[in-house]
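Data block below; observations after.
Here, each number is a calculation from the coordinates, and none is a lab measurement. Predicted, not measured: the structure shown is a model, and the values here were computed from it. Positions of Cβ are generated from backbone atoms using ideal geometry, with glycine treated the same way; all protein chains shown enter the neighbour counts.
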Amino acid sequence: MQKLGFVLFLSVLHIHSISGQDQFIQAIRSSHQGRHQELLKEYTQFCALPNTWNDPEQLRQNAVFIVEMMKKRGISNARTIEANVPGAIPAVYGEILSPGATRTLVFYAHYDGQPVNPAKWAEGLSPFKPQLATAALDKGGKFIDLPTANGPLDDDWRLYGRATADDKAGVFTILNAYDAIRRSGLNPGINLKFFFEGEEERGSTNLGAILATNKDLLKADAWIIVDGPMHASGRKQITFGVRGDVNMNLTVFGAKRPLHSGNYGNWAPNPALKLVHLLASMKDNKGKVLIKGFYDDVVPLSKSERQALVAIPDPAPIMQKELAFAASENPQRSYLESITTLPTLNINGIESANVGRLASNIIPTLATVTLDLRLVKGNDTKRQVQKVIDHVKKQGYYVLDREPTEEERLQHANIAVIRNGEGYNAQRTSMDLPISQAVIKAVRATSAQEIVLMPSAGGSLPLYLFEEVLSVPPITIPVVNYDNNQHGENENLRIGCLWEGIETVAAVMLMKW
């Protein structure tokens, strides 16, 4: 019977399912549908574990919890793997090896999360006390208790809490996709490996070391990344690339101490004013970056990538209305074109003296900005950072990577201290690869609607490492709602995304190519 079920599944994989109710999906769905209460309870326990990226003890507790979830589902060799670097957070690994299998997929998600400021969360919410609501709170949702009876759950209910969407949902759908296959009596026919990272939110600092140290263990044909939001229409999506990312902190200086704005105004230099002028020189009012060579090394989309982009419904009208702004930064470009084909220069935040009720009539001593540079294929982090530094120098600034000495402050009218973090480059997998086409067929078989094929996401992950270190292509399958507030206050998950994600990931685990 197991073999017959698997043959039936293979026969429908090559047909775009119109109803989404083929025998395979029914088998997977039946295996988890009666367990939604149990699964939601376990997921709530998982999300209740604090997982702030800069707290190693929190992250190790999460790793232990994941290992136990894997063992509970019969996943072999479940354990943590280390980078052998002081202070590094372990990844979690497990595997299901099928006798005679010639193909291997690694399924990736991350279990660390962004820091939280509880004061900014809605009243009644605590970031690590997951709370259920009847809908999104900004759309009239009301808090409800987690159900204890075995009745049905509404797919549109929202679970609020840090990492409910980014990216514990990825971890949970992967593990339960395999569990659904196991409970259905189906045989994957390929080797499945599981890899859950604990350092993604701090830039995957040690991921390269973990991959390099465990090359043989992690040998595979491709990596399937389960992370990020689906299309705003709610349609299932496959993403074939990500932008790179690097941050820069830039500080300009005035006098050594705060000065009375009446006694010294029009005479002492104001660093806040200097900084805004400097930033204004970097970008025009239509979103174009004015820094020399900023776009020069971008690799254009291929023909198939351009065709895929044109076929995607533009989510901008929906999102713009929801986000309440009248015009985009770059009106000459569509939303999709902007996030997939262009590098960005974004101001994450500016800091100088106090404002509002804490404001004083002073000239501040310094002003600082954090710049976020998103990169597309062809850009290099070091080159892109250097372009910004060269631009600052052309504006008449003496640039340092340390605090200026008093002698330097007296010698140079304009000083900028620029420090940048460790970044990573963009990555893009060809849609035309056999593995890419197989994933497309598998996901299509689970959807009643045409799926979205995205050449590159707007967000960033260090996916270039899988190509650079392991020589394998990564492909991303987002499973959470687009309006999940990831990284911000009131992060949430539409719980129906868990069940749909289980079915989507299970289809990929069972595919042939």
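Once the gyration tensor of the Cα atoms in the range 193-248 is diagonalised, the equivalent ellipsoid follows with semi-axes of 24, 18, 10 Å, ordered largest first. Averaged over residues, the count of other Cβ atoms within 10 Å places the peptides 72-82, 137-147, 336-346 in the sequence 336-346, 72-82, 137-147, highest first. Between the residues Tyr111, Thr446, Ser430, the greatest Cα displacement towards the positive end of the dipole of the chain, with unit charges on the Cβ of Lys, Arg, Asp and Glu, is found for Ser430. Taking a ≥ b ≥ c as the square roots of the eigenvalues of the Cα gyration tensor, an a/c ratio of 1.5 or more together with a/b no larger than b/c marks the range 310-392 as oblate. Each eigenvalue of the Cα gyration tensor of the range 32-111, multiplied by 5 and square-rooted, gives one semi-axis; in descending order these are 23, 21, 9 Å. Here, the chain is characterised by an Rg to Rh ratio of 1.00, where Rg is the alpha-carbon radius of gyration and Rh the Kirkwood radius. Hull volume per residue, based on the alpha-carbon atoms of the range 403-455 and their convex hull, is 160 Å³. Looking at the chain alone, DSSP beta bridges between its own residues are antiparallel in about 65 percent of cases.
Using the Cα coordinates of the range 148-209, the gyration tensor eigenvalues translate into equivalent-ellipsoid semi-axes of 27, 23, 7 Å, sorted from longest to shortest.
Can you classify the range 274-337 as rounded, prolate or oblate using the Cα gyration tensor, where a ≥ b ≥ c are the square roots of its eigenvalues, rounded means a/c under 1.5, and otherwise it's prolate if a/b beats b/c and oblate if not? Taking the square roots of the gyration eigenvalues as a ≥ b ≥ c, the range 274-337 is oblate. Multiplying the residue separation of Asp155 and Glu422 by 0.36 nm and subtracting their alpha-carbon distance yields 92.2 nm.
Highest-first packing order for the peptide set 118-125, 171-178 is 171-178, 118-125, based on the mean count of other beta carbon atoms within 10 Å. Scattering from the range 287-446 was approximated by placing one identical point on each alpha carbon and applying the Debye formula without solvent; log10 I(q)/I(0) at 0.19, 0.20 1/Å stands at -1.33, -1.38.
Using the Cα gyration tensor of the range 24-173, with a ≥ b ≥ c the square roots of its eigenvalues, what is the shape: rounded (a/c below 1.5), prolate (a/b larger than b/c) or oblate (neither)? Oblate.
One quarter of the convex hull surface built on the alpha carbon atoms of the range 200-291 amounts to 12.4 nm², the projected area averaged over directions. At an R0 of 35 angstrom, the distance between the Cβ atoms of Asn348 and Asn77 translates into a FRET efficiency of 0.30. Percent of C-alpha pairs per 5 Å bin in the range 399-513, short distances first: 2, 9, 13, 14, 15, 12, 8, 5, 5, 5, 5, 3, 3, 1. Would you work out which of Gly94, Val289, Asn249 lies farthest towards the positive end of the dipole of the chain? Charges go on Cβ: Lys and Arg +1, Asp and Glu -1. Most positive-ward Cα: Val289.
Charged side chains reduced to their Cβ positions (Lys and Arg at +1, Asp and Glu at -1) give the range 344-416 a dipole of some 420 debye around its Cα centre. About the centre of its Cα atoms, the chain shows a dipole size close to 480 debye [charges on the beta carbon of Lys, Arg (+1) and Asp, Glu (-1) only; nearest 20 debye]. Using 0.36 nm per residue and subtracting the Cα-Cα separation, the extra length available between Lys512 and Val399 on full extension is 35.2 nm. Measuring how big the range 133-268 is from its alpha-carbon positions, Rg and Dmax come out at 24.3, 81 Å.
In plain terms, the chain from Trp267 to Arg182 could stretch by 23.1 nm, reckoned as 0.36 nm per residue minus the Cα-Cα distance. The angle separating the long axis of helix 168-184 from the principal Cα axis of greatest extent in the chain is about 10 degrees.
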